[in-house]
1. Per 0.36 nm of contour for each residue apart, how much would the distance between A:Asp373 and A:Asp396 grow if the chain were fully extended, relative to their Cα-Cα spacing?
2. Give me the Kirkwood hydrodynamic radius of region A:3-44, using the inverse of the mean 1/r over all pairs of distinct Cα atoms, in Å to one decimal.
3. Fully extended, how many nm does the chain gain between A:Lys333 and A:His425 (0.36 nm per residue separation, minus their Cα-Cα distance)?
4. Per residue of B:111-123, how many C-beta atoms from partner chains lie within 10 Å of its own C-beta, taken as a mean?
5. Pick out, from A:Val136, A:Ile193, A:Leu432, the residue whose Cα sits farthest towards the positive end of the charge dipole of chain A, with +1 on the Cβ of Lys and Arg and -1 on the Cβ of Asp and Glu.
6. Relative contact order of chain B, please, whole-number percent, based on alpha carbon pairs below 8 angstrom and at least 6 residues apart.
7. Could you tell me which residue out of A:Ala40, A:Pro20, A:Leu9 lies farthest along the dipole of region A:3-44 toward its positive end? Charges go on the beta carbon: Lys and Arg +1, Asp and Glu -1, centred on the Cα centre.
8. More than 22 Å apart: what percent of Cα pairs in region B:4-81 qualify?
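Just so you know, all these numbers are worked out from the coordinates, no wet-lab data involved. Everything numeric in this text was worked out from a predicted model, so none of it was measured. Note that we place each Cβ from the backbone using ideal geometry, even for glycine, and neighbour counts take in every protein chain shown.
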Amino acid sequence: MDDKEFQKLKVCDFEELPGPKSKEELEEMKMPFEEYCRKAFDPGNEMTKPEALKGIRWLSTTMYIFTPHSAANLAELGAEVIKVEMPRMGDPMRHTSPFNEAYLYPLHDTRPMTGTGYGFANANINEYYITLDYHVPESKRVFYDLVKMSDGLTECYRHGTFDRWKQGYRYLLEMNPRFIYVWGGGFGYGPKIFGGSYDILGQAHAGLASITGTHEDFGGHATKCTNWCIDWYSGTQIAVAALAAINWRRKTGLGTMIEFSQVQAATRMCGYTAPLYGRFGIVRQRWGNWDTQLCAHGIIMTGKVDFPDAKNPQEKFESRYVMVSAFQDADFKELCNVIKKPDLFSSYKTHKERVGAPAQIEIYKAIEDWAVDKTRSEVVKILKEAGILAAPVLNDKEVYESEHFRTRGTIRWLDDPLFGDFLVHCTYSAGLLSKTPRRLRWQWRPVGADNVKIYHDLLGYPMSTIEELYNKNIL
Amino acid sequence: MCDIIWCKKEAGGKPCDTVNYLDPYCFWNWEGKVGCAECGTVYYVHMIQGHMYRGPVEKPGEKPDILPLYADKPYKGYDFYLPGVEGRTRPFDCLPREIYLGHADTVKFSIRGKPLRGWRPQPPSTGVAGSCGFFWDIEKLSPEVWAEYQEKIKKGEVKDW
């Protein structure tokens, strides 16, 4: 190619392009990485940036946490998500927790003494709330109209329910071939198709609870995570599948059905458990706050608490756990010196020697014996000064007070347009994006709050029709 | 886990066959008498940690301490009694349990002193089909809380964190 041809191909000059023009200039323009990150991610200014999923409209015919959270993930990324609830009732999660004590009102004009519990928080954010009773034949047309105007749907009903109601993927596909359909079933299809599911069932059925908690030899039992970790985790995993389906549709123009089993999702969290069984026939055991592969690498208890005068029992009695990690030989040797047990290192010089169960029992007992007259912060300070990785086990209050989390926006205050001051930890916890960050506009809205916006403004129904459907309890 | 009392009491030659649902939180640790929503038969139960430790045992002639929250009749096409049917089921109004607070927690300010809207009861305020606006102007709609908020600001009780 001669220079003339080359010049023809060019659409601009290198000098015109933004950015550094020489190596020196590049070096000059570089800022410290910390400063770069703060500028690039800039938590709190996400509303000034574009949304990755703007233009995608998703229906969320979901309940509780597992499936709603999948749609909330899309809404955080900019999709327009329409949450469909039962008229006057709403998602049962609104009435579920925490123990009916922390409610926000109103739920609906017809139920002035009923509100929405904090358990509903973070699972349905940025969504538009409409009502529709699918059980009534007259509602079918309304549902199909919504499907025709949408890119996808997430539902959580039992095996084949939507299919039986003629609103499953096989029916909707014929009306909207580009439609992406998520069935978030409990067990999914298979021999246990009739089983519904809850988070705890997922943790139990997938074998996760069997490897969580302390071994029975130490007085422990199979344990579930206190929070509904499988619900939250599965919701995010569904969103990953939905994004893949959206990309597939860009290539082929065709929709997809995503079948997502909650109990199946939990198996993915068991790590090497299944491969271990496959190779050796060994059933993995619980090992609680210690680690089967590394030692010392666990959570220990100190003898004294950090806040003995606190009123809150979580602080008064429980501020005494420390995570400590010193499994490499040099670190372990230093740990033994710090706790004044150099002979412990002589006994367990190699990692192979100290990772066995009897060795771990001796080692952790020695660390806790040393910590018996110390507070949590004293232990952390001493270990850190010795160059050993150690951190206090924080509670909610301390997470709230953590400067690290505040700087990153992990935990922050939202001025919810309807409900006011609201402490939140959603959106950023699923990753910071420099160009198209996740965002949180509102936590939730009352049941049917957007009926007019969606049925009138989007679908074009006359107001008289909306009122008629509302009076018949279909909306 | 929600325990039930399946009433099999014969009345008029037919069993009552009503399933009386015991709300889990109220009955987790509970001892007393529950009345069947259909026939009024009184049953004594003693529950510990959600397990039916004793009962249900019939207590003819005695008055129930509490009524079930909900009841249905599975052999009669699922006839049911919703919560709050007088003399049959007790009402359910989503109040916090008395053992915790004794009253509904209707705080109006968050821990950093800013208004937390959404206390109960809220006046009816929605439009067609339950629709409502996107923003609640607290100054206009709850002037007394707004005034309290201004006082808090003056006293320096409103913080960033």
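1. Extending this stretch completely gives an extra 5.7 nm.
2. On the way: mean 1/r = 0.0756 Å⁻¹.
For region A:3-44, inverting the mean 1/r across all distinct Cα pairs yields 13.2 Å.
3. Taking 0.36 nm per residue and subtracting the Cα distance, the gain is 29.2 nm.
4. Numbers: counts 4, 3, 1, 5, 4, 7, 9, 12, 5, 9, 7, 9, 3.
Going residue by residue through B:111-123 and averaging, the value is 6.
5. Value: A:Ile193.
6. Once divided by the residue count of chain B, the mean separation gives 14 percent.
7. A:Leu9
8. Percent of Cα pairs beyond 22 Å in region B:4-81: 19.
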